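The next block holds one structure in the form of structure tokens; read it before the comments.
The values are calculated or read from the model by the stated rules, or taken from the named source; none is laboratory data. The structure presented is a predicted model; accordingly, all values stated were derived computationally and were not measured. Methodologically, a virtual Cβ is constructed for each residue, glycine included, from the backbone with ideal geometry; neighbour enumeration extends over all protein chains shown. Ligands, DNA and RNA are stripped out before the accessible areas are found, and what is left, the full protein with its side chains, is counted by its heavy atoms. Shrake-Rupley method; radii C 1.70, N 1.55, O 1.52, S 1.80 Å.
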Amino acid sequence: MQEHIVIIGNGISGITCARHIRKNSDHRITVISAETKHFFSRTALMYIYMGHMRYVDTKPYEDFFWEKNRIELFYGFVENVDTDNKKLSLKNSAEISYDKLVIASGSKSNKFGWSGQDLKGVQGLYSYPDLELMEENTKDISRAVVVGGGLIGIEMVEMLHSRNIPVSFLVRESGFWNNVLPPLESELIGRHIREHGIDLQLSTELESIEGDENGKVKAIITKSGEKIECQFVGLTVGVHPNIEFLKNSGIETEKGILVNEYLETNIEDVYAIGDCAQFKESPGYNRRNIEQVWYTGRMHGEALAQTLSHKRTAYAPGNWFNSAKFFDIEYQTYGWVMPKLQDNEQDFYWEDLSGKKALHFVFDKTDKVFKGINALGIRLRHEIMDRWLTEKRTVEYVLEHLKDANFDPEFYKKHEKEIVEKYNAENNAYVKLKKKSLMNIFKLN
């Protein structure tokens, strides 16, 4: 029986879900969004501002794709969800009925009640409208301040730097992103940020924001009393699930929309995926109940699409991985490399003399089973790292076959030999580096 599945949100979670439902069923699919008419790559927002891409270049699918695949797009803002009558009310007074509802409404930028946080020129960066606002707010300015040392913060700093706007970057912690990165990686990235002329101020918190007679920001005051003149303030101190419109819907929420492992809410035929979903129980070892990561949103969408196509499927996150970019240095992580070593863990750290490349291995102290790796400035092959973690290979196996994992372009300098030599010297070991094997890489044998 054909059902009408309505998806609120056209980000990676909602669109992945829509695409996979279409692959597996003949259901009627409607996607509602108040952000943009068409799906675009949110991770490319910074490159639009920096002039590397146009908005049209960030759309992975041609505009005709949606009609061809019978996915109806509706541009509008959902104000109310009536779960008793399975009906949505939109801001323009339109109403849309559904048989099954998927909420993929994403996140909103955090604010913490600072004086002046609503002045003109003060904003976060999450959505395309945020990008348009940033264009307006940074026109002809001479100085900016970014508050918050996470991934959105460093992106905003790089965006401003690309337009030669001096930036003060306020980070509450004593090291850049040191609630995620171990000290050596945190120091490496901190140095790299400063090499670009960024005024990185660690252990510094925002006290208040001052405005001028026109209601526009003119300065910030730190908790230590320092005053920094500026015409733009980026607030990048995290995000929270965008769920305010669900008040009185009967859908159970805490910080996000509460779901089980099948992404089902407490209301029959209502589901939640992506940044706005909060698992009642952690979905896996060390995993957060709210996963606000691009690739986990995609996996939520894939799993739920199976359920909505009559193959009930639990979300199975697999091995943890993530990636980012800090100016010129690419970052990848696979498995778990915590800021501090855990009980029974041992590590091995290698850093290139340039100070812009590093690998950090973590393994079990007793049996040397590989537990995770951070890579800075060196690209690793995702499928290989995921396979070695699943197969519980030892760190010495990983080092022996390190050439198989390297995904750097052909003419990039390779460092496997010196990495293995350093490991052997520090651990009184005799690891021998093996030749690169396409058979191993593509598992042809």
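With the condition kept exactly as written, say whether any residue in the stretch 142-152 is modelled with pLDDT of 95 or more and more than 21 Å from residue 171 (Cβ to Cβ). Yes: one or more hits. Within the bounds of the stretch 296-308, is there any residue that is within 30 Å of residue 196 (Cα to Cα) and free of Cβ contacts under 8 Å to residues at least 40 places away in the same chain? No, because not a single residue in the stretch 296-308 is within 30 Å of residue 196 (Cα to Cα) and free of Cβ contacts under 8 Å to residues at least 40 places away in the same chain.
Residues that are in a strand (DSSP E or B) and among the charged types (D, E, K, R) occur in the stretch 89-107; there is at least one.
Got at least one residue in the stretch 211-229 being in contact (Cβ under 8 Å) with a residue 40 or more places away in the chain, among the small types (Gly, Ala, Ser) and open to solvent by 10 Å² or more (accessible area, probe 1.4 Å)? Yes, that holds for at least one residue. Filtering 295, 262 for residues that are part of a loop (DSSP other than H, G, I, E, B) and surrounded by fewer than 19 Cβ atoms within 10 Å (Cβ to Cβ) leaves a single hit, 262.
Scanning the stretch 392-435 for residues that are in contact (Cβ under 8 Å) with a residue 12 or more places away in the chain, charged (D, E, K, R) and either touching a strand residue (DSSP E or B) at 6+ places or on another chain (Cβ under 8 Å) or in a helix (DSSP H, G or I) (or both) gives 392, 393, 396, 400, 403, 404, 416, 417, 418, 422, 426. Mind checking whether some residue in the stretch 193-203 is assigned to a helix (DSSP H, G or I), under 29 Å from residue 359 (Cβ atoms), at pLDDT 95 or above and under 24 Å from the mean Cα position of the chain (by Cα)? Yes - at least one qualifying residue is present in the stretch 193-203. Remark: residue 270 falls outside the filter, which requires a residue to be aliphatic (A, V, I, L, M), at pLDDT below 95 and open to solvent by less than 50 Å² (accessible area, probe 1.4 Å).
Any chance the stretch 314-324 includes a residue that's open to solvent by less than 50 Å² (accessible area, probe 1.4 Å) and within 30 Å of residue 87 (Cβ to Cβ)? Yes, that holds for at least one residue.
Across the stretch 51-94, the qualifying residues are those that are on the phi > 0 side of the Ramachandran plot and among the basic types (Lys, Arg), and the one among them that is most open to solvent (accessible area, probe 1.4 Å) is 70.
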